Amino acid sequence: MAKSNALLIGTLSHTRKEWQAISEIANLHEYPDGSREDFLSKCRNGDFDGVVALYRSNDSNKITGNFNDELLDALPKSLKFVCHNGAGYDNVDIAACTKRDISVSSTPVAVNAATADVALFLMLGALRNVTQCFQAARKGNWRGDFKLGHDPKNKILGILGMGGIGSAVATRAKAFGMKIQYHNRSQLPTKEEDGAKYVSFEELLKTSDVLSLNLSLNASTRHIIGKAQFDMMKDGVVVINTARGPLIDEAALVDALKSRKVWTAGLDVFEEEPKIHPGLLEDENVVILPHIGTATFETQRDMELLVLDNLKLSITEGRLITQVPEQKKAKAKV
Amino acid sequence: MATKPKVLLLGKIEHAHESWKSLSNLADLVSSQAQGRAEFLEECKAGRWDGVKAIYRTFDSMEITGRFDSELVPLLPGSVEFVCHNGAGYDQVDVNACSDRKIKVSHTPGTVNDCTADVNMFLILGALRGFNPGMLSIREGNWRGHPLPPLGHDPEGKTLGIVGMGGIGRNLKKKCDAFSMKIIYHNRKRLSEELAGGAAYVSFEELLRTSDVISLNLPLNKDTRHKISTREFEMMKKGVVIVNTARGAIIDEAALVKALDSDQVASVGLDVYEDEPKIHPGLMSNPRVILVPHMGTWTAETQCAMEECNISNVRSAVQDGVLLNLVPEQVDLEK
C-alpha cells in the first residue's frame, strides 16, 4: 500500500529524530522557510499534492501567514489533518477547516506549567513593582526612585478563563496565600475548582485585586478588556496577561495605567507583536516579557512531540489525540 | 517620682507611627540627628544618651552610625540594656560585643518570611527561565533580542537545594512545591520531618553536587562569610542556577563572576551584594544575571509588620525587661 504523505512547515528544534522516524509510515516533505506567496504558489503548483497531514506552528505562521480560506483553498485536496504546535490557535480558521473536512489539533496541557510559571513571575514582579528598581540597579543607581510593593498574601486573584493554564496559575497563586476566584464560560465541577469561587464576569472585574487573563482569543473575546472593563475594576488593580495581546485594548490599558486605575501590569503578550505600544515601553509600572511563555527546552520538546504524536495517529488511525474543542463539539452535534 | 526611661530611635519610623507614639506612655522617645558615625560617638561620649534603656535601630541607620561593632557598643551609655534591630538579618550588630556589655539584642524574624520568599521565587523563576535577556532586549526595542537568547528551563522536576532551612527557607520550600520542584536542604541541624515538609536533609557537599538550583537562605556571620566560593563552585553541577536573597557576603562575588564566565554557573538571581549599594561590574554586565536592589522586604504590608514587631520588642523591653525576639546567640544570657 502506498505510504501517506506528511508535510512539515517550519523547523523542529528538539525532535528531528522523531520526525525522521515518521518516514516509516509516511513520505516526508518539508517547507522550512519562505513566504506566504511562495508557499501558496508551491501549493497551487501541486508540490504538496497527496499530503494528508501537516505540522504547523505559531512560529511557522510568520512564514505562511494565517490558515484562512485563501490558504486552505490552495492546500491540496488530500489534506485531512492540520497538526498545530501551540495551545493558542487563533491564526487558524477552525470553521473554515471544518467546512473542508480538515481536522485540527493543538497542544494543550503541554504548555500549562510553563505559561503559569510566567504568569506568576509577572504577578510577583508587578505586585512588587519591580521594574523601576530593576532598571535602576542595572544602570548603577541602586534603588532609584523606589516605591514599596505589595504582598500577594490575602489578595484576591481573579482568573478569567479557568482552563488548564488558569488552573495551573491558581495552584501556584494559592501557595502565595492568594484567594482565588474565576470566571469561565461555564462553572467547573466542584472537585476541579479546588476551592476557587465562581463569579460573574462583572464581579470578577469589580472585586479582584489582581486579574489574570488565561482565556483563548477568538472573535468574541477580542478586546474583552477595554475602557468599560477598566472602569469597573478596583482602583489600583494589577493586570496580568499571558494569553493573547488582543484580549486587551492596549491603548485603553495605557490610559488606565496613566490614571493609576491600574497600579501595575505584567505582560507577556501584546496586540501587535513584536510591536509594543510606546506607552507600555516607557512605563516603569509594567513588567514586560517578549512572549516567551513556553520558551524552555523541556516544554518546547514536549510540544513538538505532542504535535508529532498527533501527526502519527492521524496517519495510522485517521484521528487526533488533542483535536481542538470547537471541532469535537461540532461533531457531537451530528 | 522615677523619671521615665528613654528610648533612642536610630533611623526612621515610616509606617507604624501610632504604635511608636504610644510608647511615650512608657518612655521618653528621643532620636539622634547625627549626620555621621563620629558625631554619633561624640553624642554618646558627651552623655547625650544617658538614661536610654532601649535603642530602636533600622537597617538604613547604618549609613549614619556604621556597624554596632566592638568600637561603638562599649561607647553606648551604661543605661542601655536593649538593642532592638528592625530586620531579620542582624549582621550589622556585633552580638558578642553586646553580650560583653550585657546588652540584649532582638530582631524581627517571621515578619519577613513571606516577603523574602516571594522575591526569592521571582529570582528563581527569572534565573531558571532565563528571563533577563528578554527583559532587557524588549525595552531596547529589540523584542527577544539578536541573536535569540537560549531557551530557559522549567522548574518542574528540578532539584532545589536550600542552604539554611529557617523561617524563610521553609516558606520558600512551600512555594517551590507548587512549581513541582524537588527540594533538598542543608541546615546546621537536621529538622523534624514535619518542619521540613518532606524536604530531604543532605550534607552541604551533597547539596552542592546534586542541586540544579541553589538558594541561599542563611544568616551572615563569621562562619558563613564567603561560604560559597571557588571550591564550592567547582563542586556544583555544570549549568547550576544560584539565587541569593540572604546576604551578599555569603558568596565570594569575584568567584561567582568567574564561575559565570566559565559557564559553570548558567544564571544567577541576586537581591543582595557583598558591598551594597555597589554591584560587581562583572555581574552588571552579564545578561544572565537578574539583579534587584535588596528589596526582599519592601512591601507596604511587611514594612509595617516589621516596624510593629520591633516596636513590640521595645515595649516589652521597657515594660517587662524582656525581649520578644531575642537573637538565638543570646539565649544563655537569659539565665
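The values are calculated or read from the model by the stated rules, or taken from the named source; none is laboratory data. Please read these numbers as outputs of a predicted model, since none were measured by experiment. Heads up, the Cβs are rebuilt from the backbone with ideal geometry, glycines too, and the neighbour counts pull from every protein chain shown. Accessible surface areas use protein heavy atoms only, side chains included; no ligands, DNA or RNA. Shrake-Rupley method; radii C 1.70, N 1.55, O 1.52, S 1.80 Å.
Give me the residue from the stretch B:193-211 that is outside any loop (DSSP other than H, G, I, E, B) and closer than 25 Å to B:ASP118 by Cβ and, out of that set, most open to solvent (accessible area, probe 1.4 Å).
My answer is B:GLU194.
Hey, A:ILE63 hits all of (1) in contact with a strand residue (DSSP E or B) (Cβ under 7 Å, 6 or more places away or on another chain); (2) under 30 Å from A:THR264 (Cβ atoms); (3) open to solvent by 10 Å² or more (accessible area, probe 1.4 Å) but one; which does it fall short on?
(2)
Of all residues in the stretch A:240-279, count the ones that are among the acidic types (Asp, Glu) and part of a strand (DSSP E or B).
Here the count works out to 1.
Answer with yes or no whether A:ALA114 is without any contact (Cβ under 8 Å) to a residue 24 or more places away in the chain and either outside the structural domain of A:ALA219 (by TED's automatic domain parsing) or not polar (S, T, N, Q) (or both).
Spelling it out, it is not the case that A:ALA114 is without any contact (Cβ under 8 Å) to a residue 24 or more places away in the chain and either outside the structural domain of A:ALA219 (by TED's automatic domain parsing) or not polar (S, T, N, Q) (or both).
Condition first: out of contact with any Phe, Trp or Tyr (no Cβ under 8 Å at 6 or more places or on another chain) and either assigned to a loop (DSSP other than H, G, I, E, B) or modelled with pLDDT under 95 (or both). Now tell me which residues in the stretch B:179-192 satisfy that.
Within the stretch B:179-192, B:PHE179, B:SER180, B:MET181, B:ARG188, B:LYS189, B:SER192 meet the criteria.
Answer yes if at least one residue in the stretch A:79-87 is touching a Ser or Thr at 6+ places or on another chain (Cβ under 7 Å) and among the small types (Gly, Ala, Ser), and no otherwise.
yes
If you go through the stretch B:171-216 one residue at a time, how many are among the hydrophobic types (A, V, I, L, M, F, W, C), under 28 Å from A:THR115 (Cα atoms) and away from every other protein chain (no Cβ under 14 Å)?
4
Residues that are touching a residue at least 40 places away in the same chain (Cβ under 8 Å), open to solvent by 20 Å² or more (accessible area, probe 1.4 Å) and closer than 30 Å to A:ALA136 by Cβ: list the helices (runs of 4 or more DSSP H) wholly contained in the stretch B:212-330 that include at least 1 such residues.
B:300-320
Looking at B:ASP69, is it modelled with pLDDT under 95, under 27 Å from the mean Cα position of the chain (by Cα) and surrounded by fewer than 18 Cβ atoms within 10 Å (Cβ to Cβ)?
no
Being open to solvent by 10 Å² or more (accessible area, probe 1.4 Å) and either within 14 Å of chain B (Cβ to nearest Cβ) or over 18 Å from A:LEU217 (Cβ atoms) (or both) is the filter here, so list the residues in the stretch A:103-114 that pass it.
Across the stretch A:103-114, the qualifying residues are A:SER103, A:VAL109, A:ALA110, A:ASN112, A:ALA113.
Among the residues of the stretch A:240-249, is there at least one that is of a type in the set (Val, Ile, Thr) and under 13 Å from the mean Cα position of the chain (by Cα)?
yes
When the residues of the stretch B:139-159 are narrowed to those that are of a type in the set (Lys, Arg) and part of a loop (DSSP other than H, G, I, E, B), which ends up nearest to the other protein chains (Cβ to nearest Cβ)?
Per the criteria, the residue is B:ARG144.
In the list B:THR224, B:THR245, which residue meets the criterion of being touching a strand residue (DSSP E or B) at 6+ places or on another chain (Cβ under 8 Å) and of a type in the set (Ser, Thr, Tyr)?
Only one candidate qualifies: B:THR245.
Given the conditions (1) farther than 15 Å from A:ASP117 by Cβ; (2) among the aliphatic types (A, V, I, L, M); (3) surrounded by fewer than 20 Cβ atoms within 10 Å (Cβ to Cβ), which single one is not true for A:ALA175?
(1)
Pick out the one residue from A:GLU30, A:GLU37, A:GLU24 that is surrounded by 13 or more Cβ atoms within 10 Å (Cβ to Cβ) and charged (D, E, K, R).
Unique residue meeting the criteria: A:GLU30.
Go over the candidates B:ILE162, B:ILE168 one by one and state the one that is more than 13 Å from chain A (Cβ to nearest Cβ), among the β-branched types (Val, Ile, Thr) and open to solvent by 10 Å² or more (accessible area, probe 1.4 Å).
Exactly one of B:ILE162, B:ILE168 is more than 13 Å from chain A (Cβ to nearest Cβ), among the β-branched types (Val, Ile, Thr) and open to solvent by 10 Å² or more (accessible area, probe 1.4 Å), namely B:ILE168.
Pick from B:VAL119, B:VAL73, B:VAL112: which is over 30 Å from B:VAL213 (Cβ atoms) and of a type outside the set (Phe, Trp, Tyr)?
B:VAL73
Which pairs have Cβ atoms under 8 Å, sit 6 or more apart or on different chains, and link a residue in the stretch A:192-207 that is among the small types (Gly, Ala, Ser) to one that is part of a strand (DSSP E or B)?
Pairs found: A:GLY195/A:ILE180; A:ALA196/A:ILE159; A:ALA196/A:ILE180; A:ALA196/A:GLN181; A:ALA196/A:TYR182; A:SER200/A:HIS183.
Going by the conditions given, is A:LYS197 more than 14 Å from every other protein chain (Cβ to nearest Cβ) and surrounded by fewer than 18 Cβ atoms within 10 Å (Cβ to Cβ)?
yes
Name the single residue, out of those in the stretch A:128-143 being more than 8 Å from chain B (Cβ to nearest Cβ) and more than 20 Å from A:LEU211 (Cα to Cα), that is least open to solvent (accessible area, probe 1.4 Å).
Ranking the qualifying residues of the stretch A:128-143, first place goes to A:GLN132.
Considering each of A:GLY161, A:GLY125, A:GLY177 in turn, give the residue that is away from every other protein chain (no Cβ under 14 Å), within 29 Å of A:THR296 (Cα to Cα) and in contact (Cβ under 8 Å) with a residue 24 or more places away in the chain.
A:GLY161 is the lone residue from the list that is away from every other protein chain (no Cβ under 14 Å), within 29 Å of A:THR296 (Cα to Cα) and in contact (Cβ under 8 Å) with a residue 24 or more places away in the chain.
Kindly list the number of the only condition in (1) in a helix (DSSP H, G or I); (2) open to solvent by 20 Å² or more (accessible area, probe 1.4 Å); (3) touching a Pro at 6+ places or on another chain (Cβ under 9 Å) that fails for B:MET135.
Answer for B:MET135: the failing condition is (2).
Among the residues of the stretch B:98-111, is any hydroxyl-bearing (Ser, Thr, Tyr) and in a strand (DSSP E or B)?
Checked against the condition, which is being hydroxyl-bearing (Ser, Thr, Tyr) and in a strand (DSSP E or B), the stretch B:98-111 yields at least one hit.
For the structure I just gave you, tell me whether B:ARG139 is free of Cβ contacts under 8 Å to residues at least 12 places away in the same chain, touching a Leu at 6+ places or on another chain (Cβ under 9 Å), closer than 25 Å to B:LEU291 by Cβ and assigned by TED's automatic domain parsing to the domain that holds B:VAL243.
yes
Could you please let me know if A:LEU148 is within 7 Å of another protein chain (Cβ to nearest Cβ) and without any contact (Cβ under 8 Å) to a residue 24 or more places away in the chain?
It is true that A:LEU148 is within 7 Å of another protein chain (Cβ to nearest Cβ) and without any contact (Cβ under 8 Å) to a residue 24 or more places away in the chain.
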